[in-house]
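All remarks here apply to the structure that follows.
What follows draws every value from the coordinates through simple rules; no lab data is involved. Predicted model, so just to flag it, every value in this text is computed and none were measured. In this analysis, Cβ positions are derived from the backbone assuming ideal geometry, glycine residues included, and neighbour counts consider all displayed protein chains.
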Amino acid sequence: MTNSTLAQLLDPAITPRLVVKVGSALLVGKDGEPRREWLTALVAELAAARARGQDVIVVSSGAIALGARRLGLAKGGRGSLADAQAAAAVGQIALAGLWAELLAGHGLTAAQVLLTLDDLEERRRWLNVTATLGTLLARGAVPVINENDTVATEEIRFGDNDRLAARVGQAAGASAVLLLSDIDGLYDRDPRLPGATRIPVVRRVTPEIRAMATGGSSSGLGSGGMTSKLQAAEIAGLAGMALAIIDGQPVAPVGEALASGRGTLFMARPRKGARKAWLGGKLRVRGSVHVDEGAAAALARGSSLLAAGVTRVEGSFVRGDAVSVVGPGGDVLGRGLCEYDAGECARLIGRHSREHEEILGYAPRSALVHRDQLVLI
C-alpha cells in the first residue's frame with residue numbers, strides 16, 4: 001500500500017485481505033449487553049467488503065464484558081484472573097453466537113478461532129494457525145478471533161487485541177489491519193489538551209511518534225491504549241501491512257471514517273520474508289544483547305552480529321531463543337535467534353571469532369546472531 005489514503009482499505013486490488021479489530025467498549029454497552037444496532041451496521045459493512053471481493057478477518061473483544069454481566073461479576077469481570085477467565089468462558093459463547101447470527105444474515109459463515117500468545121510465538125504452532133486461517137478464508141468463512149482468555153495466564157497473554165490483530169494479520173498474509181477505537185487516530189499529545197492535532201499519516205513509528213502515545217484507554221472496558229496500537233503498527237509495518245486507527249463509535253464506522261477522512265494511517269514497510277516477519281513481530285524475547293556503534297553500523301549494512309561488537313548480555317536464554325539487539329543509545333535495533341546460550345554469549349563479549357574455539361572448547365558458529373535469523377526494526 002503506497003498511497004496514504006484510508007480509502008485504499010476498501011479497494012480489493014490494494015487490500016485483498018483485511019483484518020478488522022473491534023474493542024470491548026464498542027461492542028458491549030455499559031449495561032453489559034451487546035450494542036446490537038451498532039454491530040448490525042458494522043457487519044453490513046464487512047459483508048459489503050466481502051461482496052467487493054475482499055477477505056475479511058475479525059478480531060473481536062467482548063467475551064469478558066459479556067460474561068461478567070451474566071455471572072454478576074464486579075469490575076466488568078476484571079477484578080481477578082479467576083473472574084476474568086470465568087467471565088470469558090461464559091461470554092465467548094455469547095460473543096461467537098452474536099457474530100454467527102449477524103453474519104449469517106448476509107449469507108456468511110462465521111468461524112471461531114481462540115488463540116493464546118504461544119500459538120503465534122512458537123513457529124510450529126504459528127504455521128498451524130496460518131494453515132487454518134488460509135483454509136477458512138479459501139472456503140468463504142469469516143474467521144472471528146479472540147484471545148483465549150479462559151486459559152491464558154499473565155505469562156501467556158497478548159494482553160490486548162490490538163497486537164493480536166497485527167499478529168493475526170501476519171499469519172493470514174493480510175494487506176492491512178483496521179483498528180476500531182474510541183478515538184479517531186494518533187494525536188501529537190493527549191487529545192484532551194488544547195491544541196492537540198491528529199496525525200493523519202505515519203510513515204514509520206519512531207521514538208518521537210512513541211512519545212505521543214498515552215497508556216490508557218478512555219473507555220475503562222478494554223485493555224489496549226495508544227501504546228498498544230503503536231506496537232501493533234510496528235508489527236504490521238514489519239510484515240508489509242498498513243494499519244489504520246479510526247473512531248469506531250459512529251454507526252457504520254468504516255464508512256463514516258472514510259467519508260470524513262478522519263483517522264491515522266500507518267504506512268506499510270517493504271514486505272519481508274515470512275520467517276523474518278514472524279521474527280520481527282515476536283512479543284516475547286528471552287534476553288537482550290547490547291552492541292557498540294561499530295556493530296550497529298554493520299548490522300544496518302546487512303551483516304550478521306559478531307561477538308566482537310557485543311558490550312553486554314542480559315537475560316536467561318538458550319540457543320535458538322529470540323533476543324533483542326540493543327544499540328549503544330538503548331534503542332532496540334532488531335530481534336533474532338541467538339546461536340549461543342546466555343552464559344556462552346557472556347564469555348564471548350568483545351572477543352574476536354578466532355578466539356572463540358579456545359574460549360568455548362569447540363568449533364565456534366559463524367555468528368552470535370546470523371543475518372538470516374535477524375530482522376532489524
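Placing +1 on the Cβ of every Lys and Arg and -1 on the Cβ of every Asp and Glu, with nothing else charged, gives the chain a dipole about its Cα centre of roughly 580 debye. Counting neighbouring Cβ atoms within 10 Å and putting the fewest first, the residues ASP372, ASP119, ASP55 line up as ASP372, ASP119, ASP55. Residues within the reach of a label modelled at ARG204 (point 7 angstrom out along Cα to beta-carbon, backbone nitrogen below 18 Å), restricted to the stretch 327-365, are 327-335. As a rough footprinting exposure proxy, the listed residues SER175, SER316, SER61 were ranked by other beta carbons within 10 Å of their own, and the order from fewest upward is SER316, SER175, SER61. With contacts taken as Cα pairs under 8 Å and at least 6 residues apart, the chain reaches a relative contact order of 14 percent. For the stretch 285-376, the relative contact order is 34 percent, taking Cα pairs closer than 8 Å that sit 6 or more residues apart in sequence and dividing their mean separation by the residue count. Computed across the stretch 285-376, the Kirkwood hydrodynamic radius from all distinct Cα-Cα pairs reaches 12.6 Å. For the chain, there are no membrane-span-like helices by this rule, meaning no whole DSSP H stretch whose C-alpha atoms cover at least 30 Å of axis and whose Kyte-Doolittle mean is 1.6 or above; this says nothing about an actual membrane. Put simply, the amide H of VAL326, placed in the peptide plane, has neighbours under 5 Å in VAL289, HIS290, VAL291, LEU333, leaving out anything fewer than 5 places away on its chain.
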